[in-house]
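Peer 1: Quick one: this structure, given as structure tokens, is what I'll be asking you about.
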Amino acid sequence: MYTVKRLNELTFDEALQIWNEGFKGYLVEVSMTLEGFISRIVKENLSISKSIVAYDGERPVGILLNGIQEVNGVKVAWNGGTAVIPEYRNKGVGKFLVESVEEINRVEEVEISTLEAISENTPAIELYKKMGYEIADSLLLMNHDDSLLLEAGEGHFSFKKGNAHDIFSLDIYDTDIKPWQTEWFNNKDAEILTIQDDNKNAGYFLYRRVLDKSGSQIATVLYQGHAAKDRGDQKQIILAGLKKVFHPLDMKMKRMTVNTPLGNKVLVDALKELGFSVSTEQVFMTKKIGGVS
């Protein structure tokens with residue numbers, strides 16, 4: 001019988017040791033330094049009082065990081081990583097962790113629980129399905145490390161820049177539940193670019209420019225790209241926005257997207273047309289906990 005402790009009952013060093021041990025042999029490298037671990041918890045709005053560690057007796061055998069946030073009037077939880085140490089895999093620890101966090105989420109009146117899983121991780125995906133999670137979309141991490149050949153002009157569009165939280169003021173803001181890491185509250189240092197047509201909002205992008213210590217831009221990270229659903233020129237809107245977001249186009253730098261939904265076909269097709277390649281594919285899974293019809 002496993003027992004559970006909240007993460008705030010441990011030191012960060014103890015929690016990190018369990019995290020790194022739990023992800024040994026995982027499909028991608030996710031081990032972290034102590035600085036990186038703490039930074040991730042802070043940046044991604046994870047809660048140490050609502051994240052847990054599973055124990056077999058006195059031995060820690062698994063960990064689950066958990067975040068809770070109200071998003072567009074809906075209380076949403078995110079599984080920020082579930083890991084089980086190698087010798088305890090396939091022994092019910094993962095299921096125990098997820099069930100234990102779901103109980104915490106119910107007490108916190110969470111309405112929707114979300115998570116991502118690498119598409120090749122079939123055992124994990126099947127476990128989540130058995131526990132009531134459904135695949136809402138596929139998510140693509142895409143990148144391009146060379147200069148961009150983007151011939152599409154800005155046309156008759158105009159552009160307006162703002163801060164990440166300005167996204168709420170847009171009348172075309174997409175209020176659907178999104179992958180946690182792409183939400184504005186996890187990217188408060190990001191920028192918002194609004195594409196306008198005849199003083200009407202036609203689309204928007206949430207992105208972040210990465211600078212080196214001297215202030216020179218070395219990368220651009222795209223979190224959201226959206227064209228108004230009632231527009232017949234969505235491709236032109238998206239291409240015009242990408243031209244602005246990834247400026248200067250002739251500079252070789254790292255350009256990447258985070259968890260771009262495959263269902264956003266206009267954006268995905270535009271990125272592929274520009275030469276972006278898919279580095280990782282995940283599934284976005286959700287489960288209604290309560291209060292959502």
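Peer 1: I'd like to verify a number: residues in segment 42-67 that are closer than 27 Å to ILE167 by Cβ, surrounded by fewer than 19 Cβ atoms within 10 Å (Cβ to Cβ) and aliphatic (A, V, I, L, M), how many?
Peer 2: Number satisfying all stated conditions: 1.
Peer 1: Sticking with this structure for a sec: What number of residues within segment 90-108 are in a helix (DSSP H, G or I) and touching a residue at least 24 places away in the same chain (Cβ under 8 Å)? Quick ask: steps written out before the conclusion?
Peer 2: Narrowing segment 90-108 to residues in a helix (DSSP H, G or I): 93-107.
Pick out the ones that are also touching a residue at least 24 places away in the same chain (Cβ under 8 Å) and you get 93-102, 104-106.
Final tally of qualifying residues: 13.
Peer 1: Give me the residue from segment 90-138 that is modelled with pLDDT of 95 or more and polar (S, T, N, Q) and, out of that set, surrounded by the most Cβ atoms within 10 Å (Cβ to Cβ).
Peer 2: SER113
Peer 1: Identify all residues within segment 20-43 that are assigned to a helix (DSSP H, G or I) and over 19 Å from the mean Cα position of the chain (by Cα); write none if there are none. Don't jump to the end; show me each part of the working.
Peer 2: Taking segment 20-43 as the starting set, the residues that turn out to be assigned to a helix (DSSP H, G or I) are 20-22, 34-43.
Scanning segment 20-43 gives ASN20, GLU21, GLY22, LEU34, GLU35.
Peer 1: Right, here's the next one. Six or more apart or on different chains, Cβ atoms under 8 Å: show the pairs whose first residue is in segment 209-224 and acidic (Asp, Glu) and whose second is part of a strand (DSSP E or B).
Peer 2: As it stands, the answer is ASP212/ILE218, since those pairs meet every condition given.
Peer 1: Restricting attention to segment 58-89, and to residues there that are part of a loop (DSSP other than H, G, I, E, B) and in contact (Cβ under 8 Å) with a residue 24 or more places away in the chain, which single residue is nearest to PHE284 (Cα to Cα)?
Peer 2: ASN72
Peer 1: Quick check on my filter: what residues within segment 1-19 are acidic (Asp, Glu) and assigned to a loop (DSSP other than H, G, I, E, B)?
Peer 2: We begin by selecting, within segment 1-19, every residue acidic (Asp, Glu); these are 9, 13-14.
Those that are acidic (Asp, Glu) and assigned to a loop (DSSP other than H, G, I, E, B): none in segment 1-19.
Peer 1: Does GLY225 fit the bill of being within 21 Å of ASP146 (Cα to Cα), of a type outside the set (Asp, Glu), at pLDDT 95 or above and within 24 Å of the chain's Cα centre (by Cα)? Working first, answer last.
Peer 2: On the way: within 21 Å of ASP146 (Cα to Cα): yes; of a type outside the set (Asp, Glu): yes; at pLDDT 95 or above: yes; within 24 Å of the chain's Cα centre (by Cα): yes.
The answer is yes for GLY225.
Peer 1: Would a scan of segment 138-150 turn up a residue that is more than 30 Å from HIS247 (Cα to Cα), in a loop (DSSP other than H, G, I, E, B) and of a type outside the set (Phe, Trp, Tyr)? Reasoning before the result, please.
Peer 2: Start the filter on segment 138-150 by keeping residues that are more than 30 Å from HIS247 (Cα to Cα), which leaves none.
For segment 138-150, residues more than 30 Å from HIS247 (Cα to Cα), in a loop (DSSP other than H, G, I, E, B) and of a type outside the set (Phe, Trp, Tyr): absent.
Peer 1: If LEU127 passes every condition in (1) touching a residue at least 24 places away in the same chain (Cβ under 8 Å); (2) outside any helix (DSSP H, G or I); (3) outside the structural domain of ARG208 (by TED's automatic domain parsing) but one, which one does it miss?
Peer 2: (2)
Peer 1: Condition check: surrounded by 12 or more Cβ atoms within 10 Å (Cβ to Cβ), on the phi > 0 side of the Ramachandran plot and modelled with pLDDT of 95 or more. Does GLY80 satisfy that?
Peer 2: Numbers: surrounded by 12 or more Cβ atoms within 10 Å (Cβ to Cβ): yes; on the phi > 0 side of the Ramachandran plot: no; modelled with pLDDT of 95 or more: yes.
It is false that GLY80 is surrounded by 12 or more Cβ atoms within 10 Å (Cβ to Cβ), on the phi > 0 side of the Ramachandran plot and modelled with pLDDT of 95 or more.
Peer 1: Follow-up question, since we're still on this one. Only one of these is within 25 Å of ILE289 (Cβ to Cβ) and touching a helix residue (DSSP H, G or I) at 6+ places or on another chain (Cβ under 6 Å): LYS50, LYS95. Name it.
Peer 2: Only one candidate qualifies: LYS50.
Peer 1: Looking only at segment 4-37, count how many residues are at pLDDT 95 or above, of a type in the set (Ser, Thr, Tyr) and within 29 Å of THR280 (Cβ to Cβ).
Peer 2: The number of residues fulfilling the criteria is 1.
Peer 1: For segment 257-273: of the residues being over 17 Å from GLU183 (Cβ atoms) and surrounded by fewer than 19 Cβ atoms within 10 Å (Cβ to Cβ), which is nearest to the chain's Cα centre (by Cα)? Explain how you work it out, then say what you get.
Peer 2: Narrowing segment 257-273 to residues over 17 Å from GLU183 (Cβ atoms): 262, 265-266, 268-273.
Right, trim to surrounded by fewer than 19 Cβ atoms within 10 Å (Cβ to Cβ) and you get 262, 265-266, 269, 272-273.
Values: LEU262: 14, LYS265: 18, VAL266: 19, ASP269: 20, LYS272: 20, GLU273: 23 Å.
Looking at the filtered set, the residue picked out is LEU262.
The values are calculated or read from the model by the stated rules, or taken from the named source; none is laboratory data. All values derive from a computational prediction rather than experimental measurement. Methodologically, a virtual Cβ is constructed for each residue, glycine included, from the backbone with ideal geometry; neighbour enumeration extends over all protein chains shown.
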